[in-house]
Amino acid sequence: RNKVSQIPLISLQTNTSAPRVVISSVLNEFNTSNFTSISIMIHLGRVSTTGFTAGINFRIEGSSATSGDGYWFPITIFTSTLGTNIGSQNPSSTAAAGQNVIAIGATANFSVGDIVYIQNATEANSEFGRITVVTLNTSITLEDNLRFAQPATSLVTSKSEMFYALIDTSSLRRLRVVCDWE
């Protein structure tokens, strides 16, 4: 039987100071919910041009026990890339919702294929996109249209990342995600 639902496990985290570990809420009792698999999708947005000196680890952990903290085992681990040359610019003007072009005055360190994070002052209006065109020192064009208007106070940063895992839950009772940048 197919069952589809979207459940945020970890809300958007804007505190970038290390060391830090964030543990998601726990998904329980897969075997009684007719789940046979679950997709986990993770976005990592950068808000600083300073490259990571150590990767951020995202651990998807499962447990066959119905309770207890000592029964978590890693199913898969994703590690962010290191590096510098992160583009960071405010839009030159408001980019309207429903369009895919963002005017920025300097396009250094923005490249076709980059995933960008657009940090809006209203956290719920922040979003991600993939660059398809860079018009030198004029604009970037995204693969998909913006969901929200992005004013000149928003911050557009490059070198963001996305991770995906399809997890077989047939032997699991619980599942969680741990974001670890200790």
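The values are calculated or read from the model by the stated rules, or taken from the named source; none is laboratory data. Quick caveat: nothing in here was measured; it's all calculated off a predicted structure. Heads up, the Cβs are rebuilt from the backbone with ideal geometry, glycines too, and the neighbour counts pull from every protein chain shown. For the accessible areas, the whole protein counts, side chains as well, though only heavy atoms, and no ligand, DNA or RNA atoms are used. Shrake-Rupley method; radii C 1.70, N 1.55, O 1.52, S 1.80 Å.
Label separation (Ser111 vs Asn137): 2.1 nm, computed from points 7 Å beyond Cα along the C-beta direction.
Accessible area per residue (1.4 Å probe, heavy atoms of protein chains only) ranks Ser80, Ser93 as Ser93, Ser80, with the largest value leading. For Met41, the solvent-accessible surface with a 1.4 Å probe is about 140 Å², rounded to the nearest 10.
Normalised per residue, the accessible area of the chain is 54 Å², obtained with a 1.4 Å probe and no contribution from ligands, DNA or RNA.
Tell me, what % of the accessible area of the chain is carbon and sulfur with a 1.4 angstrom probe? Whole-percent figure for carbon plus sulfur exposure: 50. Note on Val22 and Ala65: the model spin-label points, each 7 Å out from Cα along the C-beta direction, lie 2.7 nm apart.
Subtracting the Cα-Cα distance of Asp168 and Arg130 from 0.36 nm times their residue separation leaves 10.8 nm of extension gain. Solvent exposure of Thr81, expressed as accessible area, is near 80 Å², computed with a probe of 1.4 Å over the protein chains only.
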